[in-house]
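One structure below.
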Amino acid sequence: MTDAPALQPLDESTFETVLCVAAHPDDLEYGLAAAVDKWVRAGKTVTYLLATRGEAGIDTMDPAEAGPAREQEERDGAAEVGVEVVEFVDGFDDGVVEHGLPLRRAIAREIRIRRPDLLVTLTYADRFPGGQVNQADHRAVGLAVLDAKADAGNRWIFPDLVDEGLEPWQVRQLLIAVDPEPSHYVDVSDNFDAAVASLSAHAAYLKALGPEYPSPADLLGSILGGPAEVVGVPYAVTGRLIG
């Protein structure tokens, strides 16, 4: 049995624009927002794309009410870490997102619009590093982001995007956050409070999880503190980097 390779610090000098793609409001707030805060404070441009509005995520709230509420909570949470542009994809329903051409096209379209140096999404593995089963929408969206990275750079895939005036764009790097086989980390030791504020903005969603659910500070302390022990910093975001 061989030891896992040591994690390398992400070279943050290699990108100035970042597009973060996730399935639901709050997905990016479970840790990744700490890295976003760091990047925005460093002068980088970060935008968000959400595949759904999370309308099926609150058992006690009808989807017609939950969708708009959670959309606003995502905008509020993004603002806490300096993100001004939050886009939502139409046509995909929370809980039943399927990997396929429509989803790949929607993500490739946003990539061509934003033209990021770094693309970020969450793992599409069947389990998170701690062993918890990864939800279906997360897997579908994560895998679609991997495919859309290539789609966005090929003018002959989704040629109607060129007809819209959206020329191909080659994304230099893709970071797959909370992947069970991480290769890199981001030291977010100075960004913990901003991450807590970002997750706390999802008040209706968190309230519906019940009083025994961990507080944002306790939850993020565990999420960001665990990987940090491996690299010797207080808090860290980890991910698998694909060039």
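Worth a mention:
- Output for the range 218-240, where each listed residue is open to solvent by 40 Å² or more (accessible area, probe 1.4 Å), of a type outside the set (Ser, Thr, Tyr) and in contact (Cβ under 8 Å) with a residue 12 or more places away in the chain: 223, 230, 234, 240
- Looking across the range 28-59, the residues that are in contact with a strand residue (DSSP E or B) (Cβ under 8 Å, 6 or more places away or on another chain) and of a type outside the set (A, V, I, L, M, F, W, C) come down to 31, 38, 44, 45, 47, 48, 52, 53.
- Boolean, residue 51 is open to solvent by less than 60 Å² (accessible area, probe 1.4 Å), within 25 Å of residue 217 (Cα to Cα) and of a type outside the set (Phe, Trp, Tyr): no
- Any hit, the range 20-39, residues being open to solvent by 70 Å² or more (accessible area, probe 1.4 Å) and either part of a loop (DSSP other than H, G, I, E, B) or over 24 Å from residue 149 (Cα atoms) (or both): no
- Filter result for residue 90 (open to solvent by 40 Å² or more (accessible area, probe 1.4 Å), in a helix (DSSP H, G or I) and either touching a His at 6+ places or on another chain (Cβ under 8 Å) or within 15 Å of residue 50 (Cβ to Cβ) (or both)): no
- Of the residues 179, 147, the single one that is of a type in the set (D, E, K, R) and open to solvent by less than 30 Å² (accessible area, probe 1.4 Å) is 179.
- Of all residues in the range 60-83 being in a loop (DSSP other than H, G, I, E, B) and in contact with a strand residue (DSSP E or B) (Cβ under 9 Å, 6 or more places away or on another chain), the one that is surrounded by the fewest Cβ atoms within 10 Å (Cβ to Cβ): 82
- Extreme residue, surrounded by the most Cβ atoms within 10 Å (Cβ to Cβ), among residues of the range 127-144 that are touching a strand residue (DSSP E or B) at 6+ places or on another chain (Cβ under 7 Å) and farther than 25 Å from residue 171 by Cα: 134
The values are calculated or read from the model by the stated rules, or taken from the named source; none is laboratory data. None of these values were measured; they are calculated from a predicted model. Ideal geometry is used to build each Cβ from the backbone, glycine not excepted, and the neighbour counts take in all protein chains shown. Side chains included, ligands, DNA and RNA excluded: accessible areas come from the protein's heavy atoms. Shrake-Rupley method; radii C 1.70, N 1.55, O 1.52, S 1.80 Å.
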